[in-house]
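Contents: one structure, followed by commentary.
Here, each number is a calculation from the coordinates, and none is a lab measurement. Every value quoted in this text rests on a predicted model; they were computed, and no experiment measured them. Note: ideal-geometry Cβ built from the backbone for every residue, glycine included; neighbour counts use all protein chains shown.
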Amino acid sequence: MKKYYIVLLLLFVLVLNIYGEKLIILHTNDHHGRPFGFKENEIMVGGLPARATIINQIREENKNVILLDCGDINDGLFESNLFNAAPDFLGYNYLKYDAMTLGNHEFYKSLQNLKDQQIEAKFPFLCANILNKDGSYLAEPYLIIEMNGLKIGIIGLTTTTIEYSAPIAVTNELQIIDEVKVAQQIVDLIKDKVDYIIALTHLGINKDDNYGSLRLARLVDNIDLVIDGHSHTYLEKPIFVTNEKTKKEVPVVQANCWGTHIGKAEFDISDKGLTFLNWEPISIVSTEKDDKVLHDLLSPYLKEATQLMGEIIGKSDKYYGTETVRMKENELASLCVQAMLWYYEKEKPDFSVTNGGGVRHFLNKGDVKKEDIYNVFPFDNYTVLLELRGADIINIVEKSINTKVNTGGYLHFSNNIKITLNANKSIEQIKLNNKVIEANKTYRILTNSYLANGGDSYTEFLNGKKLSISQKFDREIVVDYIKTKLNGKIKIQITPQIIKASK
């Protein structure tokens, strides 16, 4: 009898060891080329060495940890862009990421660049709904991770907005398929092979659940958790979405952006499988406890970038942010379009325009270095002078106001443009230097090469006649403008350009 109880006790202990454990899933998104900590409101935040300290601590406390990323590792600060995200991939490899879903910014250079980065990464890229032109996968559609006897399926899904945001040379070589259709196919394929299904997505959280990750959670059955990116959304708790078919509440989470936070989802492991317990965002602040090994690995990149870009070119009178650059007038966008006009002054352009998605970083008060401007405007865009009919300009403005608010395609115009809206948001008139733009008249406008090539679905620009392309990137023009025209004194003032019609 005594032996019998001993056997029962051992079995009980064994069950506790198997099922009395937790699974931790850590996740990041929209890293955007920020391998080092950066100052935000006088606090050093983010940085891969600081992220490593948090991840290492959680791994020491928990045996079962999965580390995931939702994409957009590319296109950020100069210390990353200069090396084509090499320090970022070095850091991600050091952190031993398990997988990364492709973000839209992974498609902005070339497909060859994407292939090169796949080789550079020591972890799989995931993407089930963006395919090569011949229908083959350009990344793994899903991944199954086995941990503690449980199988976890992870499906990668990318926003279809790359159809109009990525270069045409890239999208011409792709098949871009709706994420809901593809996700349901993959779920049906793997649901009997796994214990839990995660959608690792770069779709974005929208107030309207007819879009993005909320739409996915609502329409695709048997997804247990959606880990998202793309919209740079900070959440204090999950958003629970009721699935239309199963009526199950599906948690959707996202961990802000730029490596300032890491999401932590906790699960209980039992004989019933995985049970979602809670989720929280963890702030990442750079301190003296940052991982020294990783810091030393990355330091040569920062040293070289600083040597190239450390020149002080001016002084800013205050903090200028990007928080509303995709929905209304913005000082940094204004700085860019006014610099365009100054650079092309001899060509007598009528006005200039840029897109909010090209303004990527804030500008702190005080000394401004060359690298700061490169961080605000990181993309390799040239300034293009073209002739465009008034009818196309009117269509462009209407598209920006009616379909591009809260997207990177929201447009910013030079100060001499005024737009008057009716109560229903239709355009009453557009004035250039206090004169109404005429549909049949031709105008000389300046924009960046991304928009000039039809980016953000502004195909109207393709109707224009290109007259000149700058020999410098837009950001270099802004640097020259600050040093020469502004004499280093950055004090940006804007006035409302979009006004409501008087009754």
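Sorting check: for 97-106, 237-246, 116-125, 256-265, which peptide has the highest mean count of neighbouring beta carbons within 10 Å, and how do the rest follow?
So the peptides 97-106, 237-246, 116-125, 256-265, ranked by packing, come out 97-106, 256-265, 116-125, 237-246.
If you wrap the Cα atoms of the range 245-333 in a convex hull and average its projected area over all directions, you get 12.3 nm².
Taking the convex hull of the alpha carbon positions in the range 312-500 and averaging its projected area over all directions gives 9.7 nm².
This model, with +1 at the C-beta of Lys and Arg and -1 at the C-beta of Asp and Glu, gives the chain a dipole about its Cα centre of some 1160 debye. Identify which of the listed values of Rg and Dmax of the Cα atoms in Å was calculated from the structure shown: (i) 25.0, 101; (ii) 22.5, 76; (iii) 22.7, 69. Working out Rg and Dmax of the Cα atoms in Å from the coordinates points to (i). The ranking of Ser352, Ser299 by Cβ neighbour count inside 10 Å, starting from the fewest, reads Ser299, Ser352. Pairwise inverse Cα distances across the range 349-417, averaged and inverted, put the Kirkwood hydrodynamic radius at 13.9 Å. Of all beta bridges that DSSP places with both ends in the range 48-205, some 45 percent have antiparallel geometry.
Return the tail of the calculated pair distribution for the range 18-301, meaning the percent of Cα-Cα pairs more than 32 Å apart. Here the tail beyond 32 Å accounts for 20 percent of pairs.
Evaluated with a Cβ-only charge set (Lys, Arg +1; Asp, Glu -1), the range 18-301 carries a dipole of roughly 260 debye about its Cα centre, given to the nearest 20. Most tightly packed first, judged by the mean number of other beta-carbon atoms within 10 Å of their residues, the peptides 323-335, 80-92 read 80-92, 323-335. Compactness check for the range 153-224: Cα Rg over 2.2 N^0.38 Å is 1.18. Taking other Cβ atoms within 10 Å as a rough exposure proxy, Ile373, Ile168, Ile437, Ile197 sort from fewest to most as Ile168, Ile437, Ile197, Ile373. If a/c stays under 1.5 just call it rounded; otherwise compare a/b with b/c (prolate if a/b is bigger, oblate if not). Do that for the range 81-152, with a ≥ b ≥ c from the square roots of the Cα gyration tensor eigenvalues. Oblate.
Shown for Asp291, Asp188: other C-beta atoms within 10 Å of each C-beta, ranked fewest to most, produce the order Asp188, Asp291. Cα centroids of the range 448-496 and the range 350-378: 11 Å apart. The shape of the range 195-281 comes out oblate: with a ≥ b ≥ c from the C-alpha gyration tensor, a/c is at least 1.5 while a/b does not beat b/c. What the phi angles of the range 77-84 give under the Karplus curve with 6.51, -1.76 and 1.60, with θ = phi - 60°, is a coupling list of 8, 4, 5, 9, 4, 4, 10, 6 Hz, glycine and proline written as x.
Which percent, to the nearest 5, of DSSP beta bridges fully inside the chain are antiparallel?
The antiparallel proportion sits near 70 percent.
Counted over the range 444-501 with a bin width of 5 Å, the fraction of Cα pairs per bin, in whole percents, is 4, 13, 17, 14, 19, 19, 11, 3, 0. Computed 3J(HN,Hα) for the range 167-184, one whole-Hz value per residue from the Karplus formula 6.51 cos²θ - 1.76 cosθ + 1.60 where θ = phi - 60°, is x, 4, 4, 7, 5, 5, 9, 10, 9, 10, 10, 4, 5, 5, 4, 5, 4, 5, glycine and proline marked x.
Would you give the gap between the C-alpha center of the range 215-276 and the C-alpha center of the range 98-160, rounded to a whole Å? About 19 Å separates the Cα centre of the range 215-276 from the one of the range 98-160. Projecting the Cα atoms of Gly314, Phe267, Asn330 onto the charge dipole of the range 231-353, computed from C-beta unit charges around the Cα centre, puts Phe267 farthest toward the positive end.
Is the C-alpha gyration tensor of the range 286-331 telling us rounded, prolate or oblate? Criteria: a/c under 1.5 is rounded; beyond that, a/b larger than b/c is prolate, otherwise oblate. Since a/c reaches 1.5 and a/b is larger than b/c, the shape of the range 286-331 is classed as prolate. Projecting the Cα atoms of Phe379, Ile430, Leu467 onto the charge dipole of the range 312-500, computed from C-beta unit charges around the Cα centre, puts Ile430 farthest toward the positive end. Rounded to the nearest 500, the 222 nm mean residue ellipticity of the chain from helices alone is -8500 deg cm²/dmol, with -39,500 (n - 2.57) taken per DSSP H run of at least 4 residues.
A simple charge model with +1 on the Cβ of Lys and Arg, -1 on the Cβ of Asp and Glu and nothing else charged puts the dipole of the range 175-223 at about 80 debye relative to its Cα centre.
Per-residue 3J(HN,Hα) values for the range 93-101, derived from phi via the Karplus relation 6.51 cos²θ - 1.76 cosθ + 1.60 with θ = phi - 60°, read 5, 4, 6, 6, 4, 8, 5, 9, 7 Hz in sequence order (x marks Gly and Pro).
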